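The values are calculated or read from the model by the stated rules, or taken from the named source; none is laboratory data. Note that the coordinates shown come from a computational prediction; the quantities given were computed from them, not determined experimentally. As a convention, Cβ positions derive from the backbone with ideal geometry for all residues, glycine included, and neighbour counts pool all protein chains shown. These area figures cover heavy atoms from the full protein model, side chains too; ligands, DNA and RNA do not enter into them. Shrake-Rupley method; radii C 1.70, N 1.55, O 1.52, S 1.80 Å.
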Amino acid sequence: MYKNYIKRLLDILISLIIIVCFCWLYLILAILVRTKLGSPVLFKQPRPGKDEKIFNMYKFRTMTDEKDENGNLLPDEVRLTSFGKKLRSTSLDELPEFFNILKGDMSFIGPRPLLVKYLPLYNEEQHHRHDVRPGLTGWAQVNGRNLLSWEDKFEKDVYYVNNLSFLLDLKIVFKTIAVVFDRSGINSETDATMEAFTGTKPKEK
């Protein structure tokens, strides 16, 4: 009952309340991003959701569009500004994801939606992280974030899928609040903060 109906109802109600109550904050952040980083204000990127269905995930932009002499984008760590780092460290860059939650692309709690290019690299067990909607925060994010190896992250994601419950979600909510205030192990799913996933070695499967 909770997994199939109540969880989704809570996602809709809470995301709608947050969007309405904090519309002023969305406006302020949009103005700051436009002033400091330019246009577009939002960063859009395809991510795999439930059952590996692709959707566009939205965040506030945190990097510039600086390119080299050949027209190629500079590395993430070069384009990530001090303002962008502050947005990430406070998780304010993720506020637009509440619209993804309202639409049904995501949930508040679940495995983080990673890059589409990782899909062919997952082993059979790791694919199960997509059996539920991806989340704004999840079991891996409150147990190490980017301090974890990819294999440890995926193990915790699958643990969440297999043990999904209201009590586990509630525990993750409280632990997320502590992690946000601690600002450690920032998880932004980019090469600027963690090495790209290249697949699990056979002996680790």
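Taking every pair of alpha-carbon atoms in the chain, what share in percent sits in each 10 Å bin, from 0 to the bin with the longest distance?
Per 10 Å bin, starting at 0, the Cα pair percentages come out as 8, 33, 38, 17, 3, 0.
If you place +1 on the Cβ of every Lys and Arg and -1 on the Cβ of every Asp and Glu, how big does the dipole about the Cα centre of the stretch 8-59 come out, in debye to the nearest 20? Intermediate results must be reported in sequence, preceding the final value.
Working: 8 positive and 3 negative charges, 35 e Å.
Dipole magnitude for the stretch 8-59 comes out near 160 debye.
Only four residue types carry charge here, +1 at the Cβ of Lys and Arg and -1 at the Cβ of Asp and Glu. Report the dipole size of the chain about the Cα centre in Debye, rounded to the nearest 20.
Values: 30 positive and 26 negative charges, 109 e Å.
Once rounded to the nearest 20, the dipole reads 520 debye.
If you roll a 1.4 Å probe over the stretch 10-131 with all protein chains in place, what percent of the accessible area is carbon or sulfur? Walk me through the numbers before you get to the answer.
Details: 4020 of 6410 Å².
Answer for the stretch 10-131 is 63 percent, counting heavy atoms of protein chains only.
When the Karplus curve 6.51 cos²θ - 1.76 cosθ + 1.60 is applied with θ = phi - 60°, which whole-Hz ³J(HN,Hα) does each residue of the stretch 101-110 get, with x for Gly and Pro?
5, 4, 6, x, 5, 9, 10, 5, 10, x
Can you quote the Å³ per residue value for the convex hull of the Cα atoms in the stretch 1-91, rounded to an integer?
With only Cα atoms used, the stretch 1-91 gives 132 Å³ per residue.
Shape call for the stretch 89-177 from the C-alpha gyration tensor, a ≥ b ≥ c root eigenvalues: rounded (a/c under 1.5), prolate (a/b greater than b/c) or oblate? All intermediate terms of the calculation are to be shown ahead of the outcome.
On the way: a/c = 1.36, a/b = 1.23, b/c = 1.11.
Because its axes are fairly even, with a/c under 1.5, the stretch 89-177 counts as rounded.
Return the sequence-ordered ³J(HN,Hα) values of the stretch 62-68 in whole Hz as given by the Karplus equation 6.51 cos²θ - 1.76 cosθ + 1.60 applied to θ = phi - 60°, using x for Gly and Pro.
So the Karplus estimates, Gly and Pro as x, are 10, 10, 7, 10, 4, 10, 7 Hz.
Would you mind listing how long the stretch 57-104 runs along its three principal axes, going by Cα atoms, in whole Å with the largest first?
Computed over the stretch 57-104, the largest-to-smallest principal extents equal 41, 21, 10 Å.
Tally Lys and Arg at +1 and Asp and Glu at -1 over the other residues with C-beta under 15 Å from the C-beta of F22: what net charge comes out?
On the way: positive: none; negative: D93, E94, E97.
Combined, the nearby Lys, Arg, Asp and Glu give -3.
Can you give the three extents of the C-alpha atoms in the stretch 53-133 along their principal axes, from longest to shortest, in whole Å?
Projected onto the principal axes, the Cα atoms of the stretch 53-133 cover 42, 28, 20 Å.
Work through the residues other than L168 whose Cβ is under 12 Å from its Cβ and net out their charges, Lys, Arg +1 and Asp, Glu -1.
+4
Taking only C-alpha pairs under 8 Å that are 6+ residues apart, what is the relative contact order of the chain in percent? Show your work: numbers first, answer last.
Details: 276 pairs, mean separation 43.6, N = 205.
Result for the chain is 21 percent.
Choose one of Y160, Y5, T90: the residue whose Cα lies farthest towards the positive end of the charge dipole of the chain (beta-carbon charges +1 Lys, Arg; -1 Asp, Glu; about the Cα centre).
Y5
Under a cut-off of 19 Å between alpha-carbon atoms, report the lysines in cross-link reach of K53, not counting same-chain residues fewer than 8 places apart.
Within the straight-line cut-off, K53 pairs with K3, K44, K103, K117.
About the Cα centre, and with charges only on the beta carbon of Lys, Arg (+1) and Asp, Glu (-1), how big is the dipole of the stretch 89-187? Nearest 20 debye, please. Could you put the intermediate results ahead of the total?
Details: 11 positive and 13 negative charges, 40 e Å.
About 200 debye.
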